[in-house]
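Right, one structure below, let's go through it.
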Amino acid sequence: PAGPPATPLCDPAWAAAAKAAGDRADHDGADGVVVFDRSVVRVQESGQAHVVRTRLQKALTEAGAGRLAVQRFDYDPATSRLEIRRVTVVHADGTCAEVSPEDGADLPQPASSIYWDLRMRLVQVPRPAIGDAVLTETYFTGFQIAYLDQPQDDERFAPPMAGHFYDTVLFGDEPWPVLEKSYEVSTPRDKPLQYETYGPPVSVSATFDEEAFHYLFRAADLPPLAEEPGAPWVTDFLPKVVMATVPDWPAKSRWFFEANEGQFAANDAIRAAVARITAGARSDEERVARLNTWVAHNIRYRGMSVGREEGYTMHAGAMTFDHRAGVCKDKAGMLVTLLRAAGFVAYPAMTMAGSRVERIPADQFNHAVVAWQQPDGSYRMVDPTWAPFSRDLWSRAESSQHYLVGSPEGEDLAITPAEGPERNGLALRGSGRLEPDGTLVESVRLTPAGALEDRVRRVFGRALRLDTRSQVEEIAQRLAPAAEVTDHRMIDPFDLEPAFFLEFEYRAERHAAVGPDRMRLVLPLARHPFGSGRLADYLHAVRGSERKTPVLLRSAQTVTAEERIALPDGWNLAEPIERAVDRGVAAFAARVAQEGRQLVLRTRTEIRRRNISVEEYAGLADVVGAVRAFADTAVILERAAARAEASR
C-alpha cells in the first residue's frame, strides 16, 4: 500500500481547481460540485487491491456547505481496512485548514433487518463557507461483506475469489455534478484485466510495462444523478466500467459452488421436518413448493453477524434451521439443504434483483436463490425470499433476470424468461345501482394475478387483521370518495391454494350530482383501486412528458375493469364515451355505453414490458395520461322526458 500523502499541506492546485469550478450559476443551481474524484488502485498477486482515493468537493450554497460539514466513510472492520489520511478545507482565498481525522466518531452504520457489524467514520469539518472546498484522501483495502473461511489477519483483505480482482465503477452517481472522475488500476502481468465500458463519456487508456498492466478510466462533466420514480438500479443506466481478471462465468460458478458446498448437510431434525412437510404430496412440484413455502414462512428475514459465515458464504443449513432466521443467502441455503434431504439435486445461485448483469464476470449480484436441477440437466429457479405470499416457485416480478448457478461443472450466465402482460395484472368487476338522489350502492370484486397477486397478498398478509377493514375502506374511497363499506370478504393471504380475491360492498351517498334534468357522475372503476403506489407502479412512474432515466416496473401487466350500474327509472346515458390510445409499449381502451337499463363501463390497460427505455417513455406517458384523464371523465345522464322535450 502507498504511504501517507506526500503532497504539500496546501497545494495551490487545489484552490485553482476549486476556483475554476465556478459557482452555482454555472451548474444549474446545484448546491455543490465535485471538482475531482480520483482513485488509484494497485492489485497484488493475491488479487488484493489497495485503493487511494482523493476527492475535492466545493460548496456552492449554504445547503452545500452544510453537506460538506460532515464527511462519512464506510467500512467493514472484519474484511477491510480504512485509513482517513487527509481532510483539508480549501478556502476560497487559497488558504487551507487541516482537520484531524482522529477527532471523528466511529459508529455503527444505520441498519434495518440486516444487523452485520458495518461501521462508519464521521469527521466533522468546521462549517465551510460558500466557495470553500473540502479535500479528502483515504486508503482502503479489502471488501464490504465478503467473509470467507480465511485466517483473521491481513489475508482477510484478499478478495473472496482468491487470486482475482473485479470491480464495477459508476460515473455520475453523485447528487452534485462531477467535473472529473478517474479510476486508475494496475494489475500484475499474469492478471490481465478484461473490461467493458457503458456510456459514451468514459474514456479508456490501456498500457503495460515489465511488471504490470495499467488501465485508466476517466469521464468529465457528469450531470448530477437524476432521481425519478420507477427508475431501475443506477447500474442499469449510468456510465460505468465493469472489470475482472476472472476468465469467464463458469469459473465464477465453480468458485461459488466450492465456497458453499459444505453448508448443506442435513441432520436428523432436518430430515424429520422434510418428511413431515412433504407427507401426502402428490408430485415433485408439490414437494418442492411445500419446502419452498416452509422456508418462506419459517425463516425470518434477519441478518445477524456470525463472523466468517457471512457475505458470499451461506449459513450452514443446520444453523439456519435452529436459528429460524437469515438473509436471502441463508434462506436459499436452507432450501438447498431441505431439497437435498428430500432427494432432489439443488444448488445455490446468485442473481441481481432489479438490474441486469453484464457479460464481464465481475461480482454484479445482490440476491441469492436456488436452482432445482431437472432430469434433463436444466434448472428450475426457486426463490424462498420472495415466496411468502407467492403461488409460484419463482416470483413473476423476477422475469428477464440474470442468474448464475454454482455447480461443480461450472455454469454460464443465464436469464429467466420474459413475461408478457397476460400473466400479471388485475381484474375489476363491479355491479350496483344508482338511486334517484345520486346514491350509489355497489359490489366490487378485485382479482389480481401473478406479480400483482403476490403484492396484494403481501399488503393484506402483513397487516393486522383488525386493520383489514380500514384497508378495504381506503380502497373503496379511492373509487368513490363518499363510500362506506358495508361488508367485505377475501381469501386468506396465507392460503396459497386458491387464487386470491377481495370482495366488498359499499354505499356512497350522493355519489352523483343531480340536477333537474341531468345527473353527473364519475364511474368508480374508471379509477385504479390502489392509487399510484407500488400496486400501480406504471402510474407512479409517470411524472411529466419527459424523463432522464429508464423505467423498471414490477412486471408487464394487464388491468381490466367491467362495471354495470342499474340506472334509476327515467334516466338514460346522454352520450356514449369511447377512448383508445396505443403507443406500442402500452395501450389503453375504454368505453361507456348503455345496455338496456344498465350503464356499462369496460376498460383495458396493457403495459407490455417491464423495462421501458427513455425513448419509449413518451409512449408510456401518453397512455398513462389517457388513463388519468379518463378516471376523471364525467358521465352525463339525462331524464328521458327532458330528452324528448329537447328533440321536439
With unit charges on the beta carbon (Lys/Arg positive, Asp/Glu negative), name the residue among 594, 126, 624 whose Cα is farthest towards the positive pole of the charge dipole of the chain. 594
Most packed first (mean Cβ within 10 Å per residue), the peptides 391-404, 486-499 order as 391-404, 486-499
Nearest 10 degrees is fine. How inclined is helix 249-260 to the longest principal axis of the chain, computing both from alpha carbons? 90
Lys and Arg at +1, Asp and Glu at -1: add these up for the other residues within a Cβ distance under 14 Å of residue 130 and post the number. -1
Cβ-Cβ FRET estimate between residue 380 and residue 359, R0 fixed at 22 Å, reported to 0.05: 0.35
Could you state the angle between the C-alpha long axis of helix 268-278 and the longest principal axis of the C-alpha atoms of the chain, as a value from 0 to 90 degrees rounded to the nearest 10? 30
Which length gain, in nm to one decimal place, applies between residue 513 and residue 415 when the Cα-Cα distance is subtracted from 0.36 nm times their residue separation? 29.9 nm
Highest mean first, how do 197-208, 339-350 rank when packing is the count of other Cβ atoms within 10 Å averaged over residues? 339-350, 197-208
Filter the cross-link list 58/181; 240/548; 252/548; 240/331; 240/329 down to pairs whose alpha-carbon distance in this structure exceeds 24 Å. 252/548; 240/331; 240/329
Express in nm, to one decimal, how much length is gained between residue 204 and residue 267 on full extension, taking 0.36 nm for each residue of separation and deducting their alpha carbon distance. 17.3 nm
Which value, in debye to the nearest 20, describes the size of the charge dipole of the chain about its Cα centre when Lys and Arg Cβ atoms bear +1, Asp and Glu Cβ atoms bear -1, and nothing else is charged? 1800
Once every Cα of segment 251-336 carries one equal point scatterer and solvent is ignored, give the base-10 log of I(q)/I(0) from the Debye formula at q = 0.12, 0.17, 0.18 Å⁻¹, two decimals. -0.37, -0.72, -0.79
Based on alpha-carbon atoms only, what is the radius of gyration of segment 12-245 relative to the globular estimate 2.2 N^0.38 Å? 1.06
Restricting to Cα pairs under 8 Å and 6 or more apart, the percent relative contact order of segment 12-245 works out to 24
Distance from segment 385-456 to segment 157-228 (C-alpha centre basis), Å: 39
Across the chain: Cys residues that no other cysteine approaches within a C-beta distance under 4.7 Å: 328
Which entry is the computed semi-axes √(5λ) of the Cα gyration tensor in Å for this structure: (i) 43, 36, 27; (ii) 50, 25, 23; (iii) 52, 35, 21? (iii)
Placing each pseudo-label 7 Å from Cα in the direction of the beta carbon, residue 486 and residue 254 end up separated by a distance in nanometres of 7.1
How much FRET efficiency would the formula 1/(1 + (r/R0)^6) give for residue 103 and residue 69, where r is the Cβ-Cβ distance and R0 is 22 Å, rounded to 0.05? 0.95
Highest-first arrangement of 126-132, 555-561, 324-330, 48-54, where packing means the average Cβ count within 10 Å: 555-561, 324-330, 48-54, 126-132
Across the alpha-carbon set of segment 253-415, Rg over Rh with Rh taken as the Kirkwood radius works out to 0.93
Between the DSSP loop rule and a limit of at most 13 other Cβ atoms within 10 Å, which GluC sites (Glu not before Pro) in segment 153-253 are left? 210, 211, 227
I'd like the antiparallel share, as a percent to the nearest 5, of DSSP beta bridges with both residues in the chain. 90
At 7 Å along the Cα-to-beta-carbon direction for both residue 636 and residue 582, put a label point, then send me their distance in nm to one decimal. 3.0
Per-q log10 I(q)/I(0), segment 422-643, q = 0.12 Å⁻¹ (Debye; single scatterer per alpha-carbon; no solvent): -0.67
If I stretch the segment between residue 495 and residue 304 completely, what's the gain in nm (0.36 nm per residue apart, minus their alpha carbon distance), one decimal? 65.8 nm
In percent, how large is the relative contact order of the chain, given Cα pairs closer than 8 Å and 6 or more residues apart? 10
Pairing the Cα long axis of helix 451-461 with the longest principal axis of the chain, what angle in degrees results, from 0 to 90 and rounded to the nearest 10? 90
Could you tell me the center-to-center distance, by alpha carbons, between segment 551-628 and segment 45-78 in angstrom? 49
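Each reported figure results from applying straightforward, stated rules to the coordinates on display, with no laboratory input. For clarity, every value in this text was computed on a predicted model and none was experimentally measured. Neighbour counts are summed over all protein chains in view; Cβ atoms, including those assigned to glycine, are modelled from backbone coordinates with ideal geometry.
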